[in-house]
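Student: After the structure tokens below, expect a handful of questions from me.
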């Protein structure tokens, strides 16, 4: 890391005391209600994750002041921002399509914020040059946005947001506009810049990999409500909704535990687990834990065995993912060779087996 004196103002402002973000965002619309609580300490990166229409972008716009709250509160570093106009908030925003000024160079795009805050043209351009250097874009300072690649434009947008020395940085799907190859590189760069950012950062995304790599904590929103929050590893190990389970690639079920047996809800089958639990629980296992057989296996040690029908097949990485219905709806991953040997096709009847040791049960 560079010496603190060489770091542009607003990055690692260690001398600035901060209490972070304390918000309850309530937004009422005709057919939708957002009610999301968010807290974060300075230095935290929080990802809002959820399906389309969950309320993620509404929450982000409420934090920026672009959507008025109808209830709740919004405090940043102890100051109430509920009635503060957007332009007066210490908030920086990186929009999904970056929204760079097309008639300005990269340097002047970044200098725009400091100029609005009262810096002279020379001062603003000097600050902007420092930020572009930080982003590895010194050689592109004079380029207009149309001459920049997607990754370069994303870094200019991030520099423009940080140049205003925000106490809250908002990123709306910051990698969505990039192709897959560029996304890998820019994600790593963005992670490094966020790790150096001293204030609070809130990221909105529907991509679980972006959330897992970039954020310290995930807040999962569905239907305008928080359904789960925690560290990426907590979320991945213990999903609590079907949406989260699908994101992290797990089969998830809810039921009542009695010792090593879980009776699933809605008159479903029983599962054998290794944990000794009692009461409402979730049971999860990865698709790779499922083995498929054309005939009912007789010598298998798996305690969990169900008759299923193949509803669909799709390529998943270098494997085939089978969508199964029947006694227990689930997904299974198998190699292309195994799928061919089994003669899998929609409508085929198979037996699915899962060992108790490959399940993970936890209180609901």
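Each reported figure results from applying straightforward, stated rules to the coordinates on display, with no laboratory input. All of these numbers come straight from a predicted model, not from anything done at the bench. All Cβ positions, even for glycine, are placed from backbone atoms using ideal geometry, and neighbour counts span all protein chains on display.
Student: Taking Cα atoms, how many degrees apart are the long axis of helix 180-196 and the longest axis of the chain, rounded to 10 and kept between 0 and 90?
Tutor: 60 degrees
Student: Assuming 0.36 nm per residue, please report the length gained on full extension of the stretch residue 315 to residue 264 beyond their Cα-Cα distance.
Tutor: Additional length available on full extension: 15.4 nm.
Student: Given springs between every Cα pair under 10 Å in a Gaussian network model of the chain, which of 78, 299, 55 has the largest fluctuation?
Tutor: 299
Student: Quick one: if you stick a label point 7 Å off each Cα along the C-beta vector at residue 296 and residue 29, how many nm between them?
Tutor: Using points 7 Å along Cα→Cβ, the separation is 5.2 nm.
Student: For volume of the Cα convex hull per residue in Å³, the choices are (1) 181; (2) 147; (3) 197; which was calculated from the structure?
Tutor: (1)
Student: Then there is this: Would you kindly state how much longer the chain becomes between residue 276 and residue 192 on full extension, computed as 0.36 nm times their sequence separation minus their alpha carbon distance, in nm to one decimal? Don't skip to the end; give the middle numbers.
Tutor: Values: separation 84, 0.36 × 84 = 30.24 nm, distance 4.22 nm.
Separation in residues times 0.36 nm, less the Cα-Cα distance, equals 26.0 nm.
Student: Beyond 18 Å, what share of the Cα-Cα pairs of the range 287-355 is found? Please give it as a whole percent.
Tutor: Of all Cα-Cα pairs in the range 287-355, 27 percent lie more than 18 Å apart.
Student: Using only Cα atoms, find the angle between the long axis of helix 106-116 and the longest principal axis of the chain, and express it within 0 to 90 degrees, rounded to the nearest 10.
Tutor: 70 degrees
Student: Taking only DSSP H segments of four or more residues, each worth -39500 (n - 2.57), what value at 222 nm results for the chain once the sum is divided by all its residues, to the nearest 500 deg cm²/dmol?
Tutor: Dividing the helical sum by the residues of the chain leaves -7500 deg cm²/dmol.
Student: Using a simple spin-label model with points 7 Å from Cα along the Cα→Cβ vector, what separation in nm is obtained for residue 177 and residue 216?
Tutor: Result: 2.8 nm between the two label points.
Student: Calculate the length of the line joining the C-alpha centroid of the range 146-222 to that of the range 282-331, in whole Å.
Tutor: With the range 146-222 and the range 282-331 each reduced to a Cα centre, they are spaced 37 Å.
Student: Let me ask something additional. With axes computed from alpha carbons, what is the tilt in degrees of helix 121-134 against the longest principal axis of the chain, rounded to the nearest 10 within 0 to 90?
Tutor: 30 degrees
Student: For a quick check, take a GNM of the chain with Cα springs below 10 Å and name the residue from 231, 336, 58 with the largest mean-square fluctuation.
Tutor: Of 231, 336, 58, the most mobile in the Gaussian network model is 336.
Student: In nm, what is the difference between 0.36 nm times the number of residues separating residue 19 and residue 82 and their Cα-Cα distance?
Tutor: Contour length minus Cα-Cα distance gives 21.0 nm.
Student: Among 140, 206, which comes first, second and so on when ranked by fewest other beta-carbon atoms within 10 Å?
Tutor: Going from sparsest to densest Cβ surroundings: 206, 140.
Student: Which of these, 67, 219, 156, has the largest mean-square fluctuation under a Gaussian network model of the chain (Cα springs below 10 Å)?
Tutor: Result: 67 has the largest fluctuation of those listed.
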